[in-house]
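The values are calculated or read from the model by the stated rules, or taken from the named source; none is laboratory data. All values derive from a computational prediction rather than experimental measurement. A quick note on method: Cβ atoms are made from the backbone with ideal geometry, for glycine too, and the neighbour counts reach across all protein chains shown. Note: accessible area is taken over every heavy atom of the protein model, side chains too, but ligands, DNA and RNA are not part of it. Shrake-Rupley method; radii C 1.70, N 1.55, O 1.52, S 1.80 Å.
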Amino acid sequence: MYFSADPGFAAQAGSSTILHCPRLNICLAGRARYLVRRGARTVELALERGDAVYTFSGCSMGTVDGAGYSSLGLVFNPELTRFMVARSNSEHGHRIVLAHHAPQPLDADGWNLTHALEHTTGHTVEYPLRLKLTEALLLTAAKTLQAPVTPQGKAALTWQAACQYIEEHLSRPLDRREVADFLQIHPNHLSRLFLRFGSTSFNQTVRDARLRRSRELLHDPGLNIAGVAQASGFPDANYFSRCFRKAFGQTPGEARQRLLAEKL
């Protein structure tokens with residue numbers, strides 16, 4: 001049982017993500033390799049079949065390209081619970097082959113289990129206890145699969161799943177067709193969902209999410225401005241700076257200086 005409990009971006013990851021909700025990944029076959037943050041360093045975790053890594057809210061985890069494995073991932077979002085089966089190999093890299101979005105989040109018992117699991121880090125805790133907590137969390141999460149989805153609720157759930165996918169893939173290029181293909185819907189239908197349930201278009205939603213992520217990453221002293229741009233999914237630092245200034249009225253460098261001054 002491994003943990004990703006240190007906030008910050010795991011540099012050099014092929015697909016590093018930071019989510020504001022906890023998640024659990026279990027290696028089903030092969031040898032899974034993940035990059036996580038340990039203090040100011042990025043370290044690699046090697047998971048054998050049955051091993052798991054629990055990622056705290058606000059912490060990053062990235063996949064290593066070329067590793068051959070299958071994994072089960074659960075994302076405990078406050079609005080929904082996401083189940084994913086992923087495969088990774090040298091030819092196709094990391095890809096999600098099966099996903100299900102349950103319209104029900106964890107119940108109170110489930111969230112208490114996540115808190116209990118998080119409190120085992122930094123303490124001398126017997127491995128069987130962590131295993132039992134993880135098993136109980138999986139059983140509780142499985143209950144969300146029984147939640148019915150009404151036709152009216154399915155559209156909102158699909159939009160929420162699209163927003164979740166965007167948040168999980170901000171560090172690389174994203175377009176409307178990729179997200180639509182993942183959700184198995186037409187790209188035009190995806191655009192209608194964002195106009196119906198969101199306040200902005202798909203492209204604007206992605207850009208706003210990248211900018212929010214960049215503001216968070218400016219707190220990380222281990223990333224320079226170019227690194228913040230890359231980790232937020234901007235193609236280059238100059239374009240990132242223009243977008244940031246237009247949105248916030250200051251350059252990323254000026255925003256970082258203000259953050260540093262506030263800490264003094």
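If you run the Gaussian network model on the chain, springs between alpha carbon atoms under 10 Å, then out of 186, 94, 20 the most flexible one is 186. Residue by residue, segment 178-190 carries 3J(HN,Hα) couplings of 4, 5, 5, 4, 4, 7, 6, 9, 6, x, 5, 5, 4 Hz when phi is fed to the Karplus relation 6.51 cos²θ - 1.76 cosθ + 1.60 (θ = phi - 60°); x denotes Gly or Pro. The mean accessible area for residues of the chain, using a 1.4 Å probe and ignoring ligands and nucleic acids, is 51 Å² per residue.
Any chance you could list the semi-axes, whole Å, largest first, of the equivalent ellipsoid that the Cα gyration tensor gives for the chain, using √(5λ)?
Numbers: eigenvalues 162, 123, 66 Å².
Sorted largest first and rounded, they come to 28, 25, 18 Å.
Ignoring ligands, DNA and RNA, please state the percent of accessible area on the chain from carbon and sulfur, probe 1.4 Å. The nonpolar share, carbon plus sulfur, comes to 52 percent.
Summing +1 for each Lys or Arg and -1 for each Asp or Glu among the other residues whose beta-carbon sits under 14 angstrom from that of residue 21 gives -2.
Where does the longest stretch of the chain lie that holds no GluC sites (Glu not before Pro) found in a DSSP loop with 13 or fewer other Cβ atoms within 10 Å?
Longest run free of exposed loop sites: 127-264.
Among 252, 235, 128, the largest mean-square fluctuation in a Gaussian network model of the chain (Cα springs under 10 Å) belongs to 128.
Calculation over all alpha carbon pairs of segment 94-142 in 10 angstrom steps from 0 returns a P(r) of 23, 41, 28, 8 percent. Counted by Cβ distance under 14 Å from residue 95, the other residues give a net charge of -3, where Lys and Arg count +1 and Asp and Glu count -1.
Here's the list of lysines a cross-link from residue 246 could span, going by alpha-carbon distance under 29 Å and ignoring same-chain residues fewer than 8 apart: 263.
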